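Let me begin by presenting the structure, written as structure tokens, before commenting on it.
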Ligand code: MSP
């Protein structure tokens, strides 16, 4: 394999470069899977896009620059099941794809996704580049013509290895439908020649596949070796009717939908204006499609001489009563349900629930109304909401609604602010969004703690203490400001609303403010809350929810 690599490496640009991390560490590129348009979006799709959105907003905030982050989502359209779904409705595939791509866009608007682009694989900008990549791979000998016979999972549109097929009793591990024995003349990607390099990369970069349980699974499977994989499918009928990308200079073949789809991450940024975003900082997805992203995709990139993404993160599933949500069980949380929750509790409350209780990490998560209400009351209504309104009420009562003059800073709160800031940034870098959220909301308890320790409402009974009370409330207000900033990637609307009502700088639509988070959220730093600023008291940030209320429908 080494010889093979060196021999081909000497012949041209492809294969020349090692998978090194980009020197352009000052940009971030976050992606979601591109979703199949054979059906409507549901909570699972919204969840991954939301996690990517939170990640992207955090990075924009951390860097203090929206232009240094690129967040991509989109749709995967050239699957056989899209063609079937369209024909069942008497539509051309592109008509059905248009309708459903629009539904995905709408769904992502519902959750306030801040993606910078929405790519569709049926677009020319994508298709023309896929053709170009394949032409290069064919020229370098990484893609060659051969015969393929294997166990095909028709629902998932993928071949399984002999071992996987056997382990699953020749049934699809996902749909449980029988696997089909298929033989085809098609083009192969010589995946096997990259197996050692990939293994070495995974071993040298613990952050490459996350979470760790998934990394171990991939490593285990990789140790049994890699087989070459088909990257084309035979075309029946007129090539002009093909819904997909034709193989370059190879009549009768089209590009296999998974290869076409994986390339979206590169096609979207393969322009002079966007090239610097590559390689991706994190490809997010659920565990169902990790193999494609952690094994096939990096090997394709190596073959193209491209640097590898920093992290491939595969979260677990939203389930319902212990079962994966699936079409056959009809147990999805649909967009309509999400909308009903959003109408009653706000989009930020839904984002908070999904982000803090969802299946980031290696365990599945159950969607539960009781849990939703519990978390909503604890963290939002009684947490940040109550804390902000208490501080505003005291400032209104004792200082006429104007931020009082600071005195010596509260040492504990100052120290905890620094720590919260560092911990949140560190959690985001580890892709541990639930931890970032937990850490941010804990800062609210620190402010509550200061009030509890110092009892400003008691001190205020004696007018001689007013300056001291002012000093305490100044720090409380500053603490709320910092908490709001740290929570803003998760709850952008409410937190921006709160910050603006307190005349503090708020992140813009995409989550970035004018300074990097470390400066912006420095306790009593250059961007601190201004003495004399008016604290507008609006409605409660989050009204308390009654656990006895039935779920919204
Ligand atoms: N089109 C491929 C992906 C190609 S990426 C180059 C595909 N599409 S999909 O529509 O089936 O979307 C799968 C993804 O949707 C999962 O990886 C995950 O991101 C999300 N989810 C679908 N169901 C889910 C749950 N029940 N729970 C959490 N996420 C889920 O695969």
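Before moving on, here are some points about what is shown:
- When each of 455, 468 is tested for being within 21 Å of residue 402 (Cα to Cα) and surrounded by 15 or more Cβ atoms within 10 Å (Cβ to Cβ), the lone residue that passes is 468.
- Selection status of residue 115, closer than 30 Å to residue 492 by Cα and surrounded by 15 or more Cβ atoms within 10 Å (Cβ to Cβ): yes
- Residues that are touching a residue at least 12 places away in the same chain (Cβ under 8 Å), out of contact with any helix residue (DSSP H, G or I) (no Cβ under 8 Å at 6 or more places or on another chain), more than 14 Å from residue 194 (Cβ to Cβ) and surrounded by fewer than 23 Cβ atoms within 10 Å (Cβ to Cβ), drawn from region 292-323: 310, 311, 319, 320, 321, 322
- Of all residues in region 52-98 being within 16 Å of the ligand (Cβ to nearest atom), in contact (Cβ under 8 Å) with a residue 60 or more places away in the chain and farther than 22 Å from residue 246 by Cβ, the one that is surrounded by the most Cβ atoms within 10 Å (Cβ to Cβ): 56
- Of the criteria (1) near the ligand (Cβ under 10 Å from one of its atoms); (2) surrounded by fewer than 23 Cβ atoms within 10 Å (Cβ to Cβ), which one residue 246 fails: (1)
- Scanning region 189-243 for residues that are more than 28 Å from residue 431 (Cα to Cα), without any contact (Cβ under 8 Å) to a residue 60 or more places away in the chain and either surrounded by fewer than 16 Cβ atoms within 10 Å (Cβ to Cβ) or touching a helix residue (DSSP H, G or I) at 6+ places or on another chain (Cβ under 6 Å) (or both) turns up 225, 234, 236, 237, 238, 239, 240, 241.
- Look at (1) within 15 Å of residue 388 (Cα to Cα); (2) crowded, with 24+ Cβ neighbours inside 10 Å; (3) under 31 Å from the mean Cα position of the chain (by Cα) and you find that residue 473 fails only one, number (3).
- For residue 490: the one exception among (1) crowded, with 24+ Cβ neighbours inside 10 Å; (2) assigned to a helix (DSSP H, G or I): (2)
- Some residue of region 394-414 being farther than 27 Å from residue 496 by Cβ, within 16 Å of the ligand (Cβ to nearest atom), touching a residue at least 12 places away in the same chain (Cβ under 8 Å) and part of a loop (DSSP other than H, G, I, E, B): no
- Condition check for residue 398: surrounded by 18 or more Cβ atoms within 10 Å (Cβ to Cβ) and under 22 Å from the mean Cα position of the chain (by Cα): no
- In a residue-by-residue description of region 153-160, the property of being more than 29 Å from the chain's Cα centre (by Cα) and buried (at least 16 other Cβ atoms within 10 Å of the Cβ) applies to no position.
- Any hit, region 430-447, residues being under 29 Å from residue 210 (Cβ atoms) and in contact with a strand residue (DSSP E or B) (Cβ under 7 Å, 6 or more places away or on another chain): yes
- Subset of region 161-188 (residues that are in contact with a helix residue (DSSP H, G or I) (Cβ under 8 Å, 6 or more places away or on another chain) and in contact (Cβ under 8 Å) with a residue 24 or more places away in the chain): 174, 179, 187
- Test: residue in region 277-291 that is within 21 Å of residue 156 (Cα to Cα) and surrounded by 24 or more Cβ atoms within 10 Å (Cβ to Cβ): yes
- The set of residues in region 496-516 being crowded, with 17+ Cβ neighbours inside 10 Å and within 20 Å of the chain's Cα centre (by Cα) consists of 507, 510, 511, 512.
- Some residue of region 254-268 being in contact with a strand residue (DSSP E or B) (Cβ under 7 Å, 6 or more places away or on another chain), away from the ligand (no atom under 13 Å from the Cβ) and not in a strand (DSSP E or B): no
- Between 538, 479, 532, the distinction of being touching a strand residue (DSSP E or B) at 6+ places or on another chain (Cβ under 8 Å) and either in contact (Cβ under 8 Å) with a residue 12 or more places away in the chain or not in a loop (DSSP other than H, G, I, E, B) (or both) belongs to 532 only.
Each reported figure results from applying straightforward, stated rules to the coordinates on display, with no laboratory input. What you see is a predicted model, and the numbers here were worked out from it, not measured in a lab. Here the Cβ is made from the backbone with ideal geometry for all residues, glycine too, and neighbour counts use every protein chain on show.
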